[in-house]
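Quick notes on the structure that follows.
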Amino acid sequence: MSINTALDSLPDMAAFARVVDAGSFSAAARQLGVTPSAVSRQVARLEDLLRVRLLERTTRKLRLTDAGQAAYTRCQAMVSAAREVLALSDTHTEVPKGLVRVSMPKAVCRLVVHPLMLGFLQRYPEVDVQLVVTDRAVDLFEESLDLAIRITDTPPLGLAGRPLMRIRHLACASPQYLAQRGTPQHPRDLAQHSCLYLGEDARDRHWRFQRAGERVQVSVQGRYIANHSEIRLEGALNHLGIASLPEFTARQALASGELVTVLDDWEHQTDYAGMAWILYPPNRYLSSKVRVWIDYIAEHLAPQMQPHAAEKD
């Protein structure tokens, strides 16, 4: 294959990678601003050039063939390399400028990131910030986001990441509530208490605890259920029961003594506990506006990091 043929095929390779990332020809076409038939022709042209079938097409979904998987890995690397080249201009810009769009969970945004933003905006007057507040896992490419903060111990493949802080969940209550109802000595005792829990699905009523290899799951109940940690915090402060809270939500109330933790020798496990990662497309050369935002947040959250955490690339 000549070098000219390879260069002429670069747009088709990029279109193929976008189809795989998007999951369908129509979704890829919307992102690229062309018709689905145009994208389909590009992929077909690439298949003709390589003399292999890259995708198995069904009415419901696309499936990569073995050759398609090998081609996708290399096409994705090509697209990432192109992004690195384009990012060079921003990397060498002396003054960071432009809009940074970041997605993150509600509680992390309100209580961890938002309080830092005034200082960031003052330090970088030519950088604007848009916080996209949602608890769902967003697609950075499809939603044109620069960054996402996600709580997970297994960062997704295809994204680079930097750990920010470890998020622990605690079982907390007011001293007044515990004086009236007693302090649980074992997770099973929670079944006899009024508990404030998330309530987004049935699993949220099943609190999990672990201690020295022992695992316990207990079904809790209570009169006040809310999928917002600050609301559960206020409920606990008003003596409504034992609340499941992120440590950063409860920190001030614990320091003042308005709340106390229970079951301190147990680890309270939830789907919202673990390492908070800041995730971004795998470009070696991040734009200056994105790099300063990451560095600023990481710098201010560094005291909350675990010593063993390390950057993932």
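Brief remarks follow.
- Candidates 181, 162 - the one that is open to solvent by 40 Å² or more (accessible area, probe 1.4 Å), among the basic types (Lys, Arg) and under 23 Å from the mean Cα position of the chain (by Cα): 162
Results for (1) at pLDDT below 95; (2) out of contact with any helix residue (DSSP H, G or I) (no Cβ under 6 Å at 6 or more places or on another chain); (3) closer than 13 Å to residue 269 by Cα, shown as yes or no for each residue.
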position	(1), (2), (3)
156	yes, yes, no
167	yes, yes, yes
183	no, yes, no
212	yes, yes, no
227	yes, yes, no
238	no, yes, no
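- Filter result for the condition that a residue is within 28 Å of the chain's Cα centre (by Cα), at pLDDT below 90 and more than 30 Å from residue 289 (Cβ to Cβ), over 88, 32, 7, 62: 62
- Residues satisfying the stated conditions in the stretch 141-151, i.e. assigned to a loop (DSSP other than H, G, I, E, B) and either without any contact (Cβ under 8 Å) to a residue 60 or more places away in the chain or in contact with a Phe, Trp or Tyr (Cβ under 7 Å, 6 or more places away or on another chain) (or both): 143, 144, 145, 146
- Test set (1) free of Cβ contacts under 8 Å to residues at least 60 places away in the same chain; (2) open to solvent by 40 Å² or more (accessible area, probe 1.4 Å); (3) not assigned by the TED database to the domain that holds residue 296 - residue 216 fails condition number: (2)
- The single residue among 242, 278 that is open to solvent by less than 10 Å² (accessible area, probe 1.4 Å), among the β-branched types (Val, Ile, Thr) and within 21 Å of the chain's Cα centre (by Cα) turns out to be 278.
- Residues in the stretch 118-137 that are under 13 Å from residue 106 (Cβ atoms) and either assigned to a loop (DSSP other than H, G, I, E, B) or out of contact with any helix residue (DSSP H, G or I) (no Cβ under 7 Å at 6 or more places or on another chain) (or both): 132, 134, 135, 136.
- Failed criterion for residue 205 (all others in (1) modelled with pLDDT of 90 or more; (2) charged (D, E, K, R); (3) within 22 Å of residue 178 (Cβ to Cβ) hold): (1)
The values are calculated or read from the model by the stated rules, or taken from the named source; none is laboratory data. Bear in mind that the values here come from a model prediction, so they are computed numbers and not experimental data. Note that each Cβ is placed from the backbone with ideal geometry, even for glycine, and that neighbours are counted across all protein chains shown. Just the protein is used for accessible areas: all its heavy atoms, side chains included, with ligands, DNA and RNA removed. Shrake-Rupley method; radii C 1.70, N 1.55, O 1.52, S 1.80 Å.
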